[in-house]
2 protein chains.
Amino acid sequence: MATTDKASPRDRLLDAATELFYRDGVSIGVEALCKSAGVSKRSMYQLFESKDEVLAASLERQAPGYAARLIAGPDDAGTPRERILYVFEQVERVSASPEFMGCPYLAALVELKDPAHPASVVARVAKERMKDAFRVQAELGGAREPELLARQLMLVFDGANARAGVGLETLDGVAVATVRVLLDAAGVV
Amino acid sequence: MATTDKASPRDRLLDAATELFYRDGVSIGVEALCKSAGVSKRSMYQLFESKDEVLAASLERQAPGYAARLIAGPDDAGTPRERILYVFEQVERVSASPEFMGCPYLAALVELKDPAHPASVVARVAKERMKDAFRVQAELGGAREPELLARQLMLVFDGANARAGVGLETLDGVAVATVRVLLDAAGVV
């Protein structure tokens, strides 16, 4: 995580939050967060109402980058089928990194166990957006039931992320193979 | 959770741990755990080396019951395909309960983020057993690649549990429908 002296206290806090919450979990304390960010607790509480708000803001800030890493850009040619498979190829690729701990949004929801937590609200929006993106491609690809296919893809997406993130699975093609079967069955050729 | 006065302090601690860790997460403190169990901290530390050991023991103790709720018993007739589908029918059924928070073993692994934690070790064994049970049924059912099918079923199992557990999904047949497609493709008829 690039935390340069030039970054604002706010950005340093969000950089540290992004890294620490992902690596160690949402129960990381304010002390550790501020220490890692090189920001005083006083400054943190001037910028954010609470640690919960720092977590929510860090998840919100990383959402565009997270989506960009997984979703093929508008300039990438490709059929809807290829664009859906691309997402899972990317998950398989990033899951090989030793720092990979699964989807940060699903992890936050599992850890927080509170749908009303500000970070849960942000995480739920990010997960809904991903499902919507799948449904759009499913529709474009002529899926028989686009909403059903999008939900199935999310089951595989979250299962693959969670299992690889906790070391239960090495995604050497298994997610992509699973998605191919689902696309075939839905008529997305 | 039935915590009667007749239960031993050990059982009361494990009952409370099972309930609290599942509902509120692994960061629940010793104080809250002992209070809920009606056991002094002194007694807890006489019975267990640490809170981590209580968590590990509670996951270990609930494993047979967890498997029994999901897996068709030996007396239940049924083809391998039916036995595999039964697991997902059960997941869909139990996920409708307001207390449902997903698979306790996956949740513990996601929350702990430490493969060496004693509870992570227990959780990993439980998850491996479930995958092995799927592979046995896949073999009996004549799957083309039983290990691949078992891994695919675990992606769907964990994705469905996680998404329903955090309220991203209502499993009104979507997990079962997904598994049917995978069984068809693997030749398990």
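Numbers below:
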read-out	value
Relative contact order [Cα under 8 Å, 6+ residues apart], the stretch B:1-100, whole percent	24 percent
Residue-by-residue Karplus 3J(HN,Hα) for the stretch A:27-40, coefficients 6.51, -1.76, 1.60, Hz, glycine and proline x	8, 3, x, 4, 4, 5, 4, 5, 4, 5, 7, x, 10, 6
Surface share of carbon and sulfur [accessible, 1.4 angstrom probe, percent] for the stretch A:96-189	55 percent
Interface burial for A against B (accessible surface, 1.4 Å probe, total of both chains, Å², rounded to 100)	3200 Å²
For the stretch B:117-131, 3J(HN,Hα) per residue [Karplus equation, 6.51 cos²θ - 1.76 cosθ + 1.60, θ = phi - 60°, Hz, x = Gly/Pro]	4, x, 6, 5, 5, 4, 5, 5, 4, 4, 5, 5, 4, 5, 4
Relative contact order of the stretch A:1-58, pairs being alpha-carbon contacts under 8 Å that are 6 or more residues apart, as %	41 percent
Isotropically averaged projected area of the protein assembly as shown, using the convex hull of Cα atoms (one quarter of hull area), nm²	20.5 nm²
Degrees separating the helix B:9-24 axis from the principal Cα axis of chain B, which is the longest one	60 degrees
Positive-end residue of A:112, A:141, A:70, charge dipole of the stretch A:70-186 with Cβ unit charges	A:112
Rounded tilt (10° steps) of A:146-165 against the dominant C-alpha axis of chain A	50 degrees
Label-point separation, residue B:140 to residue A:68 (7 Å along Cα→Cβ), nm	5.1 nm
Lys, Arg +1 and Asp, Glu -1 on Cβ, resulting dipole of the protein assembly as shown about Cα centre, debye, nearest 20	440 debye
Nearest residue to the symmetry axis between A and B, taken on chain A by its Cβ, in whole Å	A:159, 1
Taking chain B and dividing mean pair separation by its residue count, relative contact order in percent (alpha carbons under 8 Å, at least six apart)	21 percent
At 7 Å out from Cα toward Cβ: residue A:11 inter-copy label distances (nm, ascending)	6.0
Qualifying lysines (Cα of each under 21 Å from Cα of residue B:6; at least 8 residues distant if same chain)	B:35, B:41
Added length on full extension, which subtracts the Cα-Cα distance from 0.36 nm per residue, residue A:94 to residue A:76	4.6 nm
In the stretch A:102-189, trypsin sites (Lys or Arg not before Pro) in a DSSP loop with at most 10 other beta-carbon atoms within 10 Å	none
Proximal lysines to residue B:127, defined as alpha-carbon separation beneath 19 angstrom and excluding residues fewer than eight positions away on the same chain	B:113
Other copies of residue B:32: label-to-label distances in nm, shortest first, labels 7 Å along the beta-carbon direction	1.7
Angle in degrees between helix A:51-70 and the longest Cα principal axis of chain A, rounded to the nearest 10	40 degrees
Mean residue ellipticity (222 nm) of chain A, computed from DSSP H runs ≥ 4 via -39,500 (n - 2.57), nearest 500	-22500 deg cm²/dmol
Euclidean distance between Cα centres, the stretch A:123-189 to the stretch A:65-97, Å	12 Å
Along chain B, longest interval not containing exposed GluC sites (Glu not before Pro), exposed being DSSP loop plus at most 15 other Cβ atoms within 10 Å	B:100-189
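The values are calculated or read from the model by the stated rules, or taken from the named source; none is laboratory data. Every value quoted in this text rests on a predicted model; they were computed, and no experiment measured them. When we count neighbours, we look across all protein chains shown, and the Cβ atoms used for this are built from the backbone with ideal geometry, even at glycine. Surface areas here come from the heavy atoms of the whole protein model, side chains and all, with no ligands, DNA or RNA. Shrake-Rupley method; radii C 1.70, N 1.55, O 1.52, S 1.80 Å.
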